[in-house]
Amino acid sequence: MKTAIGIPARMGSTRFPGKPLAKIAGKEMIVHVIEKAHAAAIGPVFVATDDERIAEVVTRNGGEVRMTSPDHNSGTERLAEAFRELDFDIIVNVQGDEPLIDPAAIRSVVKPFDEDAYLPMATLAHPIRESADLHEPNVVKVVCNAKGRALYFSRAAIPYPRSGLPKALQHVGLYAYRKEFLLIYSSLDSCQAEQTEQLEQLRVLHHGYDIAVTVGDFHCIGVDTPEDLARAEEMMKAA
């Protein structure tokens, strides 16, 4: 299978405008993400963006850019446009605000496609160990069936803890898609659950498609605020 990594990036973050070009340890965040993606060594890496400033930084640092429309509602839709004319079988969606992502996690998210020739989409999760995380709405939870396919994602506590801390899973926002499904996804109608929870992966389940969930010690840390940026820099320096 021919695999590629796509990094959707935009300047208009509500909580942190200009986030992709914010510097960590003297280097733009998007450049850190590109380096992590290349370290996974599973295929070429493309940044999908509608902003010339991001494109300029990426190309200046030797990266490849696919320019896209500014009208997309999600990174998945942006990647669908970026890869429409490119010849790949599997596309991995690495968020542009994950400068500390583990390359091993990127490799892990594509493994289920080797086992299922019809699998449309895959993602990751890790066990929740703190009860506070189970009730934190910014921590997305996932419940899976016996085959490791997602039943539901939620910001609420699922499964509901009637006694003690259940064996709950935290979703890790790293996705991989079979290319033909990535193109289908961009044409699917949104659903009430997606709009209510503000979780785009619920659109996939609503329309009856499987999402494989690989469970492991995957702890990706995203940068949503300037405070997160400072924390990421501290962790990078410590490493």
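Summary table
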read-out	value
Nearest-10 value in Å² for the accessible area of Cys144, using the 1.4 Å probe	40 Å²
Dimensionless Rg/Rh of segment 78-127 - Kirkwood Rh, Rg from C-alpha atoms	0.98
Heavy-atom accessible area per residue - the chain, 1.4 Å, Å²	49 Å²
Integer Hz, Karplus 6.51/-1.76/1.60 couplings in order for segment 128-141, x for Gly and Pro	8, 10, 10, 4, 4, 5, 4, 9, 7, x, 7, 9, 8, 9
Solvent accessible area, Å² - Leu134, 1.4 Å probe, full protein context	0 Å²
Accessible area of segment 131-239 belonging to carbon and sulfur atoms, whole % at 1.4 Å probe	50 percent
Cut-off 17 Å (backbone N to label point 7 Å along Cα→Cβ of Ser131), residues of segment 138-178	157-169
Solvent-accessible surface ranking, highest first, for Ile91, Ile184 at 1.4 angstrom	Ile184, Ile91
Average projection area in nm² (convex hull over Cα atoms of the chain, one quarter of hull surface)	12.9 nm²
Distance histogram for segment 1-117 (every C-alpha pair counted, 5 angstrom bins, percent rounded to whole numbers)	2, 12, 23, 25, 20, 11, 4, 2, 0
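The values are calculated or read from the model by the stated rules, or taken from the named source; none is laboratory data. Only a predicted model underlies this, so the values are computations on that prediction, with no experimental measurement involved. As a convention, Cβ positions derive from the backbone with ideal geometry for all residues, glycine included, and neighbour counts pool all protein chains shown. Note: areas computed on protein heavy atoms with side chains; ligands, DNA, RNA excluded. Shrake-Rupley method; radii C 1.70, N 1.55, O 1.52, S 1.80 Å.
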